[in-house]
Amino acid sequence: MIFEGEKRFDLVVRFDEDHRRSIDDLRGMYIDLSDGTQVPIKEVANIEYIPGPMQISRDNTYRRTYVGVNARGRDVESVVKDIQQKLDEDLDLPPGYYISYGGEFENLQSAKDKLVIVVPIALFLIFVLLYFALNSFSQSIMIYMAIPLAAIGGVFALWVRDMPFSISAGVGFIVLFGVAVLNGLVLINRFNSLKEEGVISIKDRIFTGTKERIRPIMLTATTDIFGFLPMAFSTSAGAEVQQPLATVVIGGMLSATLLTLVVLPVLYTFVERRWEKQNQNKLNASGSGSLATILVIGCILGGTFATTAQTAPKPNEEVLKDSLQSISLEKAQEMAIQNYPQLKAAQLAIEKEEVLRKTAYDLGSTQIFTGKEEVGNGSDGIYTQIGVQQQGIDILGIVPRLKLQKEKVTLSEKALDLTAIQIEREVSRSWASVYTRKKTYYVYKKMDSVFEDVERAARLRFETEATSKLEYLATSNQGNEVKIQLEQSYRNYLKALQRLNLWLVSDTLYDVPDVSSEVLDKPLDFLSDSLDSHPVLQISEQRLAVAKAVTKEQKSKFLPKFQAQYARQEISGQSGFYQYQVGLEIPLFFGPQLGRTQEAKVDRKIAEQNLYQDKLELEKAYISMREEFIKWRNSWNYYKNEALPLAKEQQEGSVLAFKEGAIGYVSFLQNIRDAIRIEVDAWAAFNDYLDSRYQLEYYLENSN
């Protein structure tokens, strides 16, 4: 030991190579005694080999030694737990000694502590982004349900593969939650877009949206699953990290995808129906007639049908009739034009563009000022008592801006015209749907009355043992089947009635009159030489005109603006002086405005291409609808002129022959089924005929 002041250093002496070959060289080393003599060190100390730590270092004033362990094929946490259990059972540490675990295990614990914070933050951010995307708290919660659905599959996959939760598994869950939520967002967004497009039925929205979005959802899921399969079964270096992550993602994607396609539509149906019910309650509370409530009452009045009952109540049509008022097609169109919110919004759009005409007159900003100049060295200077300055007077841009606003007003007016004929088309289709469904209901109602008489005759023949019980049961079952079809046709009629009244926006519930089909089957000149005057093309042409006006308006901003200034002054105490200034403001740096002008030119070219595209699509749609109209018109003419008269004769003859015993129940039932089918098919064909007719009239608007 060497001392230098308060510093102390260890002194180490190393033997030469010849004297450090064995432990005996150390034992034979001589040390000095206090009397100056020397003795071998083996006389005063034992020198021998014993097991001990390879290295002892210090940390925070404590001596510390390391023991390294390499885990292969197992996760670190389970290895440490086994070591802890073994040491707790077999090792008693002296006082002052303790064991700590570092390395990857320490990193694991640190990462777990971070995950406790990061995972809730990630889940919260996912929810916030969902809310921003949908602007609906209930739908955000609905999509958020994909997270527990995904977690179920991830946990189950870990359990199946006997893997504990680890950091890599936690990372896999975070990745999984994002993808699962994305699939739900894709599905709900499509449901909402269908609702905006006018699909009222929740069931139709769900079936259509799921059918359209199942492909991207399944592609996303299968891509992730197959992409992570190599990691899930990896045996190379790093497999301990890769396998849990991939296992969680694969299992979670399987459960989230399958359950999302099932659970999410169910939740959407529940939320939407609850929302509709709340809206109905609000309407009732405010005193306005609730259309949906009236229709529900109508359904209740109709009664319910039991499929197994021998007798079931008929829909109470007379009660429903008392609560309805008949409305013609022309009157329905007129009422929808007056009341429907979409048309009122289009009218307000015109009003908005009219108001914006005032923005064309831009006379700049006004500045009022006062001050002094040339003051100092004993001089009073020039005192400006008051001055007025007008800057940015854009007189040369007034005409282009007025022209642009005029074109925008015209565009809004044409949009109003298009909205009006679109509403007329949809009202006509809804009106026709009510008419044909009502006729179908009358078919089944008439057949129900017929089967009541036939069943009484069959019962009488059975009781008098003129026929077998089998014949009576077959007739009775056919009558019950007609009752079920009567109930279904009545519900379809009420649904069509609801759709029609939604267009009318009235507290009164309306029905269509019982007019003859000949009244609706009017001649139609469906050949058009040109569709150029159709409102759709007029709007496209007007959009092109607006784009051209925007280009001119942007070019006008290269023109100079004017400024003017006037002030009254006082010089050396004498008033009566004035000052004026007139100037031009000329833009010297054209880059930004040049870019905006070029953008307007590109927009004009886009409008030209859109006009051409609209012409092609309108022509194609017109030709397709024309062929559809011809097809259904020919079909209806066949039913009207041939099939329906034969079906009526077949029905009346079969009933009379069966009552008199001229034909058996097999022939009777077959003839009746054929007659019913022909009448129902006839009214279905008439519905398609009217539907295609009203759609074709839409394309022929202002084109003949």
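The values are calculated or read from the model by the stated rules, or taken from the named source; none is laboratory data. Here the structure is a predicted model, which means the values were calculated and not measured. Ideal geometry is used to build each Cβ from the backbone, glycine not excepted, and the neighbour counts take in all protein chains shown.
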Over segment 152-167, the set of residues assigned to a helix (DSSP H, G or I), surrounded by fewer than 22 Cβ atoms within 10 Å (Cβ to Cβ) and at pLDDT below 80 is none
Within segment 563-581, can one find any residue that is among the β-branched types (V, I, T), exposed (fewer than 12 other Cβ atoms within 10 Å of the Cβ) and not in a helix (DSSP H, G or I)?
no
Which one is surrounded by the fewest Cβ atoms within 10 Å (Cβ to Cβ), of the residues in segment 199-226 that are in a helix (DSSP H, G or I) and of a type in the set (A, V, I, L, M)?
L219
Taking the residues in segment 586-610 that are among the aliphatic types (A, V, I, L, M) and surrounded by 17 or more Cβ atoms within 10 Å (Cβ to Cβ) as candidates, determine which candidate is nearest to Q695 (Cα to Cα).
A607
Counting only residues that are touching a helix residue (DSSP H, G or I) at 6+ places or on another chain (Cβ under 9 Å), among the hydrophobic types (A, V, I, L, M, F, W, C) and loosely packed, with under 15 Cβ neighbours inside 10 Å, which one in segment 227-265 is farthest from P164 (Cα to Cα)?
L258
Unmet requirement for E642, which otherwise passes all of (1) acidic (D, E); (2) in contact (Cβ under 8 Å) with a residue 12 or more places away in the chain; (3) farther than 30 Å from I421 by Cα:
(2)
Just checking, does segment 511-531 include any residue being closer than 20 Å to L404 by Cβ and either in contact (Cβ under 8 Å) with a residue 24 or more places away in the chain or of a type in the set (S, T, N, Q) (or both)?
no
Which ones in segment 668-704 are over 35 Å from the mean Cα position of the chain (by Cα) and modelled with pLDDT under 80?
F668, L669, Q670, N671, I672, R673, N702, S703, N704
Of the residues in segment 66-116 that are polar (S, T, N, Q) and outside any helix (DSSP H, G or I), the one that is surrounded by the fewest Cβ atoms within 10 Å (Cβ to Cβ) is N70
Among the residues of segment 169-197, write down those that are surrounded by fewer than 23 Cβ atoms within 10 Å (Cβ to Cβ) and either outside the structural domain of L130 (by TED's automatic domain parsing) or not hydrophobic (A, V, I, L, M, F, W, C) (or both).
G170, G178, N189, R190, N192, S193, K195, E196, E197
Which numbered condition trips up Q488, out of (1) over 32 Å from the mean Cα position of the chain (by Cα); (2) free of Cβ contacts under 8 Å to residues at least 60 places away in the same chain; (3) under 14 Å from T436 (Cβ atoms)?
(3)
